Amino acid sequence: MSKWEPIKEYKEILFERMDKIAKITINRPEKRNAFTPVTVQEMIEAFNYCRDDASIGAIILTGQGDLAFCSGGDQSVRGNGGYVGPDHIARLNVLDLQHLIRIIPKPVIAMVRGWSVGGGNILQLVCDLTIAADNAKFMQTGPKVGSFDAGYGSAYLARVIGHKRAKEVWFMCKDYSAEEAFQMGWINKVVPLADVEKVTIEWCNEILKKSPTAIRFIKAAMNADTDGIAGLQQMAGDSTMLFYTTDEGKEGRDAFLEKRDPDFDKFPKFP
Ligand code: S0N
């Protein structure tokens, strides 16, 4: 059905594109796509590539195979103070990835098949939209396995599904079906497993017909509401970027370079 072209070879992820859509796939199906610091670093690099490439307008994040989107941090490389990669440094670099997914000014869509667990489930949470296959299951296990995400995983989850539900998710560590997650507003759509990629691509293409600047500001505005001054900074940066493209913005730069007073009088003072 789809013709994905590789963008770059990695050890623990696949990174592909089809026209304006990029797809980042956690490729550790034998571990239910649990992530290591290497997986996360590779994803960070791939997301940054998508951020910089102006021809990419939507990004899909998924896991390889039908059994899991992601089962969270790889418990076999969990050391003292974080997850340990080849550099022997214990890290929680998935927090940097969560932040990157939030601030990247392009829509990121999680495509969930099978298990979405722990830190993996937080990754789908921080994506802008989630399309789930009908075999998807959602679960936080932290309090069972000696960990927790008190950042986006808790506070933002509470914003998305409500405080009572978010506490239930973390206190009970139960799994929720795709239909239950949909009813809670945790995800956007449930489709038959066989259709999940087709529908995710359809959603991407629908978004790609819309104004990228409008999408960028809608995403930034919602982050500004939930992320405090850091969210505001992102939206402010977007506004500055837009201002740089105006004659009014250029007048300030040009006047400085031409060693003259700027003439801002000629610009309209809109109501
Ligand atoms: C996903 C589950 C439910 C799938 O069950 P299923 O289908 O029965 O398969 P299994 O036989 O259990 O698994 C198949 C093989 O995959 C291995 N495996 C699965 N998950 C992991 C994992 N997370 N790490 C390492 N290996 C994993 C199995 O061991 C098995 O291998 P073999 O065949 O060799 O035995 C089920 O597998 C399950 O419950 N998995 C564990 C889920 C889990 O608890 N994940 C970790 C949760 N914690 C985090 O994600 C940390 C989050 C984080 O990074 C973080 C972020 C912010 C702040 C703090 C933290 C923090 O560290 O806490």
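The values are calculated or read from the model by the stated rules, or taken from the named source; none is laboratory data. Remember, predicted model here, so these are calculated numbers, not experimental data. Backbone-built Cβ (ideal geometry, glycine too); neighbour counts: all protein chains shown. Just the protein is used for accessible areas: all its heavy atoms, side chains included, with ligands, DNA and RNA removed. Shrake-Rupley method; radii C 1.70, N 1.55, O 1.52, S 1.80 Å.
How much length, in nm to one decimal, is gained on full extension between Leu208 and Glu258, taken as 0.36 nm per residue of separation minus their Cα-Cα distance?
Residue separation times 0.36 nm, minus the Cα-Cα distance, leaves 14.0 nm.
If you take the alpha carbon radius of gyration of the stretch 125-186 and divide it by 2.2 N^0.38 Å, what ratio comes out, to two decimals?
In units of the 2.2 N^0.38 Å rule of thumb, it is 1.06.
Taking the inverse of the average 1/r across all pairs of different Cα atoms in the stretch 212-258, what Kirkwood radius in Å do you get?
About 11.6 Å, per the Kirkwood formula over Cα pairs.
Test of understanding: what is the full-extension gain from Met241 to Phe270, defined as 0.36 nm times their sequence separation minus their Cα-Cα distance?
8.5 nm
Under the Karplus relation 6.51 cos²θ - 1.76 cosθ + 1.60, θ = phi - 60°, what is the ordered set of whole-Hz ³J(HN,Hα) values for the stretch 91-104, x standing for Gly and Pro?
So the J values, rounded to whole Hz, are 9, 10, 5, 5, 5, 5, 5, 4, 5, 4, 4, 5, 8, 4.
Please list the radius of gyration and Dmax for the stretch 1-85, considering alpha-carbon atoms only, with Å as the unit.
13.4, 45
For all pairs of alpha-carbon atoms in the chain, what percent lies in each bin of width 10 Å, listed from the first bin to the last filled one?
Pairs per bin, as whole percents: 7, 28, 33, 19, 8, 5, 1.
If the only charges are +1 at each Lys and Arg Cβ and -1 at each Asp and Glu Cβ, what is the size of the charge dipole of the chain around the Cα centre, to the nearest 20 debye?
Here the size comes out at about 560 debye.
Counting only pairs 8 or more residues apart or on different chains, how many lysine pairs in the stretch 89-180 have their Cα atoms under 19 Å apart? Walk me through the numbers on the way to the answer.
Working: Lys137/Lys167; Lys137/Lys174; Lys144/Lys167; Lys144/Lys174; Lys164/Lys174.
Close lysine pairs found across the stretch 89-180: 5.
Calculate what fraction, in whole %, of the accessible area of the chain sits on carbon and sulfur atoms when a 1.4 Å probe is rolled over the protein chains.
The nonpolar share, carbon plus sulfur, comes to 57 percent.
Which GluC sites (Glu not before Pro) in the stretch 192-271 pass both tests, a DSSP loop state and at most 10 other beta-carbon atoms within 10 Å? Intermediate values should be presented prior to the final figure.
Details: sites: Glu197, Glu202, Glu206, Glu248, Glu251, Glu258; in loops: Glu258.
Answer by residue number: Glu258.
For the chain, which longest stretch is free of loop sites, where a loop site is one of the chymotrypsin sites (Phe, Trp or Tyr not before Pro) that DSSP puts outside H, G, I, E and B and that has at most 16 other Cβ atoms within 10 Å? It would help to have the intermediate numbers written out before the result.
Details: sites that count: Trp4, Phe148, Phe264.
Result for the longest clean stretch: 5-147.
So what is the accessible area of the chain per residue, in Å², with the probe set to 1.4 Å?
52 Å²
How big is the accessible area of Arg78 in square angstrom, nearest 10, if you roll a 1.4 angstrom probe over the protein chains?
About 90 Å², ignoring ligands and nucleic acids.
With +1 on each Lys and Arg Cβ and -1 on each Asp and Glu Cβ, and nothing else charged, work out how big the dipole of the stretch 212-258 is about its Cα centre, in Debye to the nearest 20.
Its charge dipole is roughly 240 debye.
What number of lysine-lysine pairs in the stretch 1-100 show an alpha-carbon separation below 21 angstrom, given a sequence spacing of 8 or more or placement on distinct chains?
Lysine pairs meeting both conditions in the stretch 1-100 amount to 7.
How big is the equivalent ellipsoid of the stretch 34-135 along its three axes, where each semi-axis is √(5λ) from the Cα gyration tensor, reported in whole Å from largest to smallest? Write out the running numbers ahead of the final one.
Numbers: eigenvalues 98, 65, 21 Å².
Semi-axis lengths for the stretch 34-135 are 22, 18, 10 Å.
Which lysines, if any, have their Cα less than 27 Å from the Cα of Lys266, not counting same-chain residues under 8 positions apart?
Lys250
What do you get for trypsin sites (Lys or Arg not before Pro) in the stretch 194-271 restricted to DSSP loop and a cutoff of at most 15 other Cβ within 10 Å of the site's Cβ?
Lys209, Lys210, Lys259, Arg260, Lys266, Lys269
Considering the dipole of the chain built from charges on the beta carbon (Lys and Arg +1, Asp and Glu -1) around the Cα centre, which of Ile218, Phe15, Tyr156 is farthest to its positive end?
Working it through, the farthest residue towards the positive pole turns out to be Tyr156.
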